[in-house]
Amino acid sequence: MITFILMEPKVAGNVGAVARVLKNFGFKDLVIIDPKCDVKSIEAQGRAKHARDVLKRAKIAHPSILKSFHTLISTTAQLGSDYNIPRSPVTPEQLHEILPESSLSSNKKINVGILFGREGSGLTNEEVMASDFILTIPSQKDYPTLNLSHSVAIVAYELSKHRSTRKVHSHISLATDLERHQLIKMLDDVLDSLDFATKERKETQKKVWKRVFSKSFMSKRESFAVMGFFRHLQNKLKK
């Protein structure tokens, strides 16, 4: 299931326009974090047009809701490199390639959140750091920032194109949130048992491997195999 998330929107009309484009492309799940405007106002409803049902059911939430998503994707106009781990981006066109088919359906077991930043200032570095993937929309360098509803429309359109495309691995059961968290905990335990030149290098290793696991959409069988490897490694390190 794909949920579109707006971070602290300031303009009610933008929120209504987002609801409209979501319905245009067959999406209905909208979360609004700490809005700075009346998202159910007449202005918002007017911009939503025939998507007032999407606006009405939109959930107003605290930033802590971001932790509830199986996979979190943050949008940004600021590009990075291999050395800037959180800002190595994919484009809307590539997005369907990294997501399991079940996330494009109403399957609530694979809950993917796509986070859009504030009008003007976007997302903070901390918010970007908390995500599993970074999404960027290629645009002109002299004016790279798009209107909020335009950004949502591009992403929703690209995802909608692939909703009916069957993938050969769609029958595979993915690791649950609990299994992923256990895997990361075991990884941290192993890394804490190893010697690093500095604390920063150890933390970098943790960040890199966490992102590798998050981006892999590991199956249950694969996660159990990696857990088994970590147990074996931990036993070796204790000797």
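Skip the ligands, DNA and RNA, and give the accessible area per residue of the chain with a 1.4 Å probe, whole Å².
57
Relative to the longest principal axis of the C-alpha atoms of the chain, give the angle of the C-alpha long axis of helix 220-238, reported between 0 and 90° and rounded to the nearest 10°.
Around 40 degrees separate the two axes.
I need to check one value: relative contact order of the range 1-53, counting alpha carbon pairs closer than 8 Å and at least 6 residues apart, in percent.
On the way: 83 pairs, mean separation 26.5, N = 53.
About 50 percent, as a whole number.
Tell me the label-point distance for the pair residue 197, residue 209, using the 7 Å Cα-to-Cβ offset, in nm and rounded to one decimal.
According to this spin-label approximation, the distance is 1.9 nm.
If you stretched the chain out fully between residue 182 and residue 140, how much longer would it get, using 0.36 nm times the residue separation minus the C-alpha to C-alpha distance?
Gain in length upon complete extension: 10.9 nm.
Report, to the nearest 10°, how far helix 148-160 tilts away from the longest principal axis of the Cα atoms in the chain, using its own Cα long axis and a range of 0 to 90°.
That helix lies at roughly 60 degrees to the long axis.
Percent antiparallel among DSSP beta bridges with both residues in the chain, to the nearest 5?
Details: 2 of 23 bridges.
Percentage antiparallel, nearest 5: 10.
Quick check: with the 1.4 Å probe, what order do 43, 126, 203, 179 take by accessible area, largest first?
126, 43, 203, 179
Could you work out how far the C-alpha centroid of the range 193-214 sits from that of the range 130-145, in angstrom?
26
Could you check how much of the accessible area of the range 1-45 is carbon and sulfur, as a whole percent, using a 1.4 Å probe?
Heavy-atom surface of the range 1-45 belonging to carbon and sulfur, 1.4 Å probe: 49 percent.
Stretched out fully, how many nm does the piece from residue 94 to residue 50 gain, at 0.36 nm a residue minus the Cα gap?
Result for the pair: 12.9 nm of gain on full extension.
First select every other residue whose beta carbon is under 12 angstrom from the beta carbon of residue 114; then total the charges, Lys and Arg +1, Asp and Glu -1.
-3
The values are calculated or read from the model by the stated rules, or taken from the named source; none is laboratory data. Here the structure is a predicted model, which means the values were calculated and not measured. A quick note on method: Cβ atoms are made from the backbone with ideal geometry, for glycine too, and the neighbour counts reach across all protein chains shown. Just the protein is used for accessible areas: all its heavy atoms, side chains included, with ligands, DNA and RNA removed. Shrake-Rupley method; radii C 1.70, N 1.55, O 1.52, S 1.80 Å.
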